Amino acid sequence: MDGGVGLTALLVAAARAIETHRHDSLARDVHAEHFVRAAPASADWPVRIGQVPEGDANPLWGRFARYFGLRTRVLDDFVLGSVHDGARQVVLLGAGLDTRAFRLDLPSDCVVFEIDRAGVLAFKQQVLTDLSAAPRAKRVPVPVDLRADWVTALTSAGFDPAAPSVWLAEGLLFYLPGPAETYLIDTVDRLTTGGSALAFEAKLEKDLLAYRDSAIYTATREQIGIDLLDLFDLGPRPDSAGHLRAKGWSTSMHTPFDFTRRHGRGPLPEPNDALEGNRWVFAHKPGP
Ligand SMILES: C[S@@+](CC[C@H](N)C(=O)[O-])C[C@H]1O[C@@H](n2cnc3c(N)ncnc32)[C@H](O)[C@@H]1O
């Protein structure tokens, strides 16, 4: 799984497994626990909240996992809405162990492009092959590093810039250097036609290290040895939503807590909150 950042994909998979088994789950992903069990690094992580001694009081497997469950649901709805509006190409940037191609009720003429690094996608394929999992839409893994020229890789894999598309950058941008994020946003603009859509997650905190002792970062470090602040790019962040607006896109920005209130479950604000600056941005490129 390429260590480091690849491990974060397993963290999100474990969170989705836990969410799946909740009686009031926001999203269901039956493949998630298989990824967790298959990787030596995560084989002993919980995949049900009942396996966690403190249950929901555990900041990592309770609140943080629920955050990922909520994010999954919100972005599932965004993809389905965009497909309903006519997009037939879904591009998952930093796809990790995302199984939307298998889970979502996508039309069979839809293509899901999954961009991530080769090691992550090879591990994912092995697990899916062992499960004999069948995608609902055409699924095209695109192994490439998003800090390199990924456009050629995507277009060579069959992506058509002239047809509407929907893009997700879920749990990705804060791992990239600022210039790579700006290149990514510019490129999405260049590769999309009117009627396309992009959702991404941003962190607005000016100083991420100020949250080093937050319950979430501390628990993630101490319980599974992942120091997220070591993995995040700590350089200045571009204003990607503003950048898209300057290019004519419409954008809306929400806190995760907005959706907690909408769905009646999910994380709520707390003191010294590592989620305080998290924003989900939904962007649409006007149609012709
Ligand atoms: C936190 S995981 C999120 C995965 C997935 N989007 C989800 O929400 O389940 C971040 C993913 O971004 C990928 N990633 C980070 N930096 C990358 C890069 N430079 N090129 C390609 N993928 C990258 C990692 O390999 C990892 O799978």
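The values are calculated or read from the model by the stated rules, or taken from the named source; none is laboratory data. Since this is a predicted model, take the numbers as computed values, not measurements. Because the Cβ atoms are built from the backbone with ideal geometry, glycine has one as well, and the counts that use them run over all protein chains shown.
Overview of values
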item: Pair list, Cβ under 9 Å, 6 or more apart: segment 87-98 residue at negative phi and free of Cβ contacts under 8 Å to residues at least 60 places away in the same chain, other residue within 12 Å of the ligand (Cβ to nearest atom) and among the β-branched types (Val, Ile, Thr); result: ALA95/ILE115; ALA95/VAL120; ALA95/VAL142
item: Every residue from segment 106-126 that is away from the ligand (no atom under 14 Å from the Cβ) and either part of a helix (DSSP H, G or I) or under 18 Å from GLY94 (Cα atoms) (or both); result: VAL111, GLN126
item: Sole exception among (1) in a loop (DSSP other than H, G, I, E, B); (2) in contact with a helix residue (DSSP H, G or I) (Cβ under 9 Å, 6 or more places away or on another chain); (3) of a type in the set (D, E, K, R) for ASP24, by number; result: (2)
item: One residue from LEU60, LEU7 being over 13 Å from the mean Cα position of the chain (by Cα) and either at pLDDT 95 or above or basic (Lys, Arg) (or both); result: LEU60
item: Selection within segment 77-95 - outside any helix (DSSP H, G or I), of a type in the set (A, V, I, L, M) and more than 16 Å from the ligand (Cβ to nearest atom); result: ALA87
item: Count of residues meeting criterion [charged (D, E, K, R) and closer than 16 Å to HIS34 by Cα] in segment 112-154; result: 2
item: Tally, over segment 103-134, of residues that are touching a strand residue (DSSP E or B) at 6+ places or on another chain (Cβ under 7 Å) and either modelled with pLDDT under 95 or surrounded by fewer than 19 Cβ atoms within 10 Å (Cβ to Cβ) (or both); result: 3
item: Matching entry among THR187, THR192, THR152 (being closer than 20 Å to GLY287 by Cβ, more than 12 Å from the ligand (Cβ to nearest atom) and outside any strand (DSSP E or B)); result: THR192
